[in-house]
Amino acid sequence: MYIEKINSPEDLKKLSIDQLKVVCEEIRTIILNKVSKYGGHVGPDLGVVEVTVAMHYVFNSPVDQIVYDVSHQSFAHKILTGRRDAFINNEVSEYTNPKESPHDFFIVGHTSTSMSMCCGLMKGRDLKKDKYNVVGLIGDGALSGGEAFEGLDNFAQIGTNMIIVVNDNQWAIAENHGGIYKNLKDLRDSDGKCECNYFKALDLDYMYQPEGNDVGALIKTFQSVKDIDHPIVVHIKTLKGMGYEPAIKDEEDFHYSMPFDLKTGKPLKDLSDYQNYGDMTGKFLMNKLKYNPEMIVISSATPQVIGFTPEVRKEAGSQFIDVGIAEEHGVAFSSGLAKSGVKPVYAVYGTFLQRSFDQLSEDLCMQDNPATLLVFLTGIYGIPDQSHQCFFDIIEISNIPNMIYLAPVCMEEYFAMLEWGTNYKEHPVAIRVPTNGVHSIDMEFEKDYSQINKFKIMRKGEKVAIIAVGSFYQFGETVAKQLEDKYGIKATIINPRYLTGVDAEALDALKKDHQLVITLEDGITEGGYGEKIAGYLGTSALKVKNYGFRKEFVDRYNAADLMKANGITDVQIADDIMNLLK
């Protein structure tokens, strides 16, 4: 095997073209063995193996600076830059990280960002009067993101060396959406020669390479643009999932996959009976669409978040729209729909909603338009990678005027809130979809949530009140049990339901027979929900302690370990409560 002797791009440069072809197949084998065992991005990385090998063969990384957009196209890059064994053993992140290697320049987990960052590298190089290549690899799906356009639009103005490699595999996560993709198709069909050319319209030089999975052809292409004195787009046609038939046949499901059988492509775990909020939400929304022609469901390139498979999307027809990788547009678009009298439901991962804070504030909440947002994979139980973590959603969303941010604690309450939110017509509503599994509570939940910021007292106790937010409600019950079993204190348990304010009446009532209020939230405590409680009770004799997470970026964490490190296990909190009472 050649790959065992490649510990840096310099080792790659010693091989012939025929040997490089073997290296590409060896890299694919490593990627498939790793992702089939541990899960991960499959199709995007298989498709850019030859591109990556050719770039590292021609350019002089890390002197020449190569930036990977999204960076789940960076598996081959990691294997070639001294991290082969760590990659095989799942010891490094899926995403580029300068702490891992000098060949990485940014921590990149959100898409469409590479062009702007490359623009900065390009200008910084020029100001320092250095000479090297800046190369940015961006996928066609990422071009639907507004920041990608903003970066591309600036290159010609700077006007010096910049090599923009557009990896065109004709897919985003699901299929591409947006007018730009008609032009990309025209460019592919005309071998790059059609008169209408998006990139040339931005005053960029342009060349097309249809053989994006031919390492020899790519090497010649990159050699022809190396050390160029102006910005150029190298438009490359590749095949998503190249080398693995199941990934080629099902590009959407194999964009990212849980562990799977390598021979068949089937998941190792049968999840057909597994309850999850995504699929259940999708069924709920499809039923609503059938009876309400003035309702629309929106996704920003992630329809699987609500179980909208290709078949479901087809059934929904014009009542479903995918806006592409454009969360800012998704929020503002929802506001416009609500203003027109249509009811929009925008389903989005919490980590990606961070990209649209200005639109949440200015375009939606300031207008007070009644759109409904479903925010998935928030808090500690979301995605445990620093570039995707979403501990910040409570801080971000709950402090905007006019927004109602709801945190259901179980399946019954979630669907009660969802039913209400999809009919509510006064303010924007966001629902923090539980991420700690599907829990059921056998009790009656309200159907009307228009009396804003009213707590629900789940159990009346004494001395200590536990305010447990959303996905941390079941954890709150565990803390209460530990407190009762170990210290004989039966705590009051409160479900706050609303993250946008406090229930003054309920908090005032606690002053009569309680000494301590604790808050539990799976988010950052600094600026979080608990501080609203502490702020209200600050001048009273009632003590308040907020439990959550420190303000930090945490990479590849284990949820249980992170909770322990932040002092929020049931045993730690119960003992802490007793010390505070003393």
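The values are calculated or read from the model by the stated rules, or taken from the named source; none is laboratory data. Just so it is clear, the structure is predicted and the values come from calculations on it, not from any experiment. Counting neighbours? That spans all protein chains shown, and the Cβs are built from the backbone with ideal geometry, glycine included.
Number of residues in the range 1-30 that are assigned to a loop (DSSP other than H, G, I, E, B) and either more than 21 Å from G243 (Cβ to Cβ) or charged (D, E, K, R) (or both) equals 4. The set of residues from the range 482-507 being outside any strand (DSSP E or B) and closer than 27 Å to V429 by Cβ comprises P496, R497, L499, T500, G501, V502, D503, A504, E505, A506, L507. The combined condition, being β-branched (V, I, T), under 23 Å from R28 (Cα atoms) and in contact with a His (Cβ under 8 Å, 6 or more places away or on another chain), is fulfilled by I66. For the range 236-256, residues that are in a strand (DSSP E or B), out of contact with any His (no Cβ under 8 Å at 6 or more places or on another chain) and of a type in the set (S, T, Y) total 0.
For the range 446-471, the set of residues classified as closer than 24 Å to D393 by Cα and either touching a Ser or Thr at 6+ places or on another chain (Cβ under 9 Å) or part of a strand (DSSP E or B) (or both) consists of I452, N453, K456, I466, I467, A468, V469, G470, S471, listed by residue number.
Could you tell me whether I173 is under 21 Å from the mean Cα position of the chain (by Cα) and in a strand (DSSP E or B)? No; evaluated as a whole, the condition is false for this residue.
The residues listed here are V233, V297; of these, the one that is of a type in the set (A, V, I, L, M), farther than 27 Å from S334 by Cβ and part of a strand (DSSP E or B) is V233. Filter the range 518-544 down to the residues that are touching a Phe, Trp or Tyr at 6+ places or on another chain (Cβ under 8 Å) and of a type outside the set (D, E, K, R) and list them by number. Of everything in the range 518-544, those that are touching a Phe, Trp or Tyr at 6+ places or on another chain (Cβ under 8 Å) and of a type outside the set (D, E, K, R) turn out to be I518, T519, L520, G523, I524, T525, G530.
Conditions tested, residue by residue: (1) over 21 Å from T238 (Cα atoms); (2) polar (S, T, N, Q); (3) assigned by TED's automatic domain parsing to the domain that holds V58.
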residue: E147; (1), (2), (3): yes, no, yes
residue: E150; (1), (2), (3): yes, no, yes
residue: D153; (1), (2), (3): yes, no, yes
residue: Q157; (1), (2), (3): yes, yes, yes
residue: A172; (1), (2), (3): no, no, yes
residue: H177; (1), (2), (3): no, no, yes
residue: K185; (1), (2), (3): no, no, yes
residue: C194; (1), (2), (3): no, no, yes
residue: K220; (1), (2), (3): no, no, yes
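Going through (1) within 21 Å of the chain's Cα centre (by Cα); (2) crowded, with 20+ Cβ neighbours inside 10 Å one by one, G40 falls short only on (2).
Matching residues to (1) more than 25 Å from E50 (Cα to Cα); (2) touching a residue at least 40 places away in the same chain (Cβ under 8 Å):
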{"residue": "P98", "(1), (2)": "no, no"}
{"residue": "S144", "(1), (2)": "no, yes"}
{"residue": "E150", "(1), (2)": "yes, no"}
{"residue": "D186", "(1), (2)": "no, no"}
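Every condition in (1) within 18 Å of G548 (Cβ to Cβ); (2) under 29 Å from the mean Cα position of the chain (by Cα); (3) crowded, with 24+ Cβ neighbours inside 10 Å is met by L418 except one, and the failing one is (1). Pairs are defined by a Cβ separation below 6 Å, a sequence spacing of at least 6 or placement on different chains, a first member in the range 331-354 that is surrounded by fewer than 24 Cβ atoms within 10 Å (Cβ to Cβ), and a second member that is among the acidic types (D, E) and not in a helix (DSSP H, G or I); the pairs so defined are V342/E294. Give the residues of the range 69-100 that are within 20 Å of the chain's Cα centre (by Cα) and in a helix (DSSP H, G or I), sorted by residue number. Passing the criteria: only F75. If only residues of the range 507-561 that are within 25 Å of V571 (Cβ to Cβ) and among the hydroxyl-bearing types (S, T, Y) are counted, the one that is modelled with the lowest pLDDT is Y557. Of all residues in the range 84-107, those that are out of contact with any strand residue (DSSP E or B) (no Cβ under 6 Å at 6 or more places or on another chain), buried (at least 17 other Cβ atoms within 10 Å of the Cβ) and among the polar types (S, T, N, Q) total 3.
Within the range 47-79, the set of residues being at pLDDT below 95 and of a type in the set (A, V, I, L, M) comprises V70 only. Answer yes or no as to whether T81 is crowded, with 19+ Cβ neighbours inside 10 Å, of a type outside the set (F, W, Y) and in contact with a Pro (Cβ under 7 Å, 6 or more places away or on another chain). Here the answer is yes, as T81 does meet what is asked.
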